[in-house]
Amino acid sequence: MSSNSHSGKEIYQVLYLNHQHYAVPVQSIISVLALEKILSLPDTPNWLTGVVHVRNAIVPVVNLSFIFEVDSLADESRHPLLVLLRHPHDSQRWLALCVTDITQLIDTEQLAETGLRSSPHPCVKHVVDIDSQPLYLLDISKLFEQLMKDQG
């Protein structure tokens, strides 16, 4: 298998949440953790579930269901995993996503074969139909921008 450094191929991790499939670049993932206690914060946007203490850092927890306005269940036990992400341009900035499951890895060559289409949502780079379901390729930089915009 050839090296990805020169091929321009980007690898994505597929995440599952509330019957929706999302994908994040593998190089943005710091780790996957079991969901523990999330500290809720008053007067924050509904998509900001709260914060968690991870590796001596306070990390905001983002609920993608609210960002994308899809049916969301408030029961955190249905989302037992946290995917810890780093900002693509600042490794000191982190956020966490609550997810139900982590499935397959997929690369941009595979995605291009299925036909990438643009999305009107600013936090999504592209949408791809896989097995008759949309897969949302998340723009991690835009997620961080959304977080900062709504906190400011």
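One table, with the values for the structure above:
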{"item": "Members of region 128-152 that are surrounded by fewer than 17 Cβ atoms within 10 Å (Cβ to Cβ) and assigned to a strand (DSSP E or B)", "result": "D129, I130, Q133, P134"}
{"item": "Residues (buried (at least 18 other Cβ atoms within 10 Å of the Cβ) and not hydroxyl-bearing (S, T, Y)) located in region 51-71", "result": "V51, V52, V59, P60, V61, V62, N63, L64, I67, F68"}
{"item": "Residue tally, condition outside any loop (DSSP other than H, G, I, E, B) and not acidic (D, E), over region 102-126", "result": "14"}
{"item": "Residue that is farthest from H19 (Cα to Cα) [pool: residues in region 83-130 that are touching a strand residue (DSSP E or B) at 6+ places or on another chain (Cβ under 9 Å) and of a type in the set (D, E, K, R)]", "result": "R93"}
{"item": "Looking only at region 66-101, and only at residues there that are among the polar types (S, T, N, Q) and part of a loop (DSSP other than H, G, I, E, B), the one that is modelled with the lowest pLDDT", "result": "S72"}
{"item": "Close pairs (9 angstrom Cβ cut-off, 6 or more residues apart or separate chains): buried (at least 18 other Cβ atoms within 10 Å of the Cβ) in region 1-22, modelled with pLDDT of 85 or more and acidic (D, E) anywhere", "result": "Y12/D107; L15/D101; L17/D101"}
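The values are calculated or read from the model by the stated rules, or taken from the named source; none is laboratory data. Computed from a prediction, not measured in an experiment: that's the story for all the values here. Note that we place each Cβ from the backbone using ideal geometry, even for glycine, and neighbour counts take in every protein chain shown.
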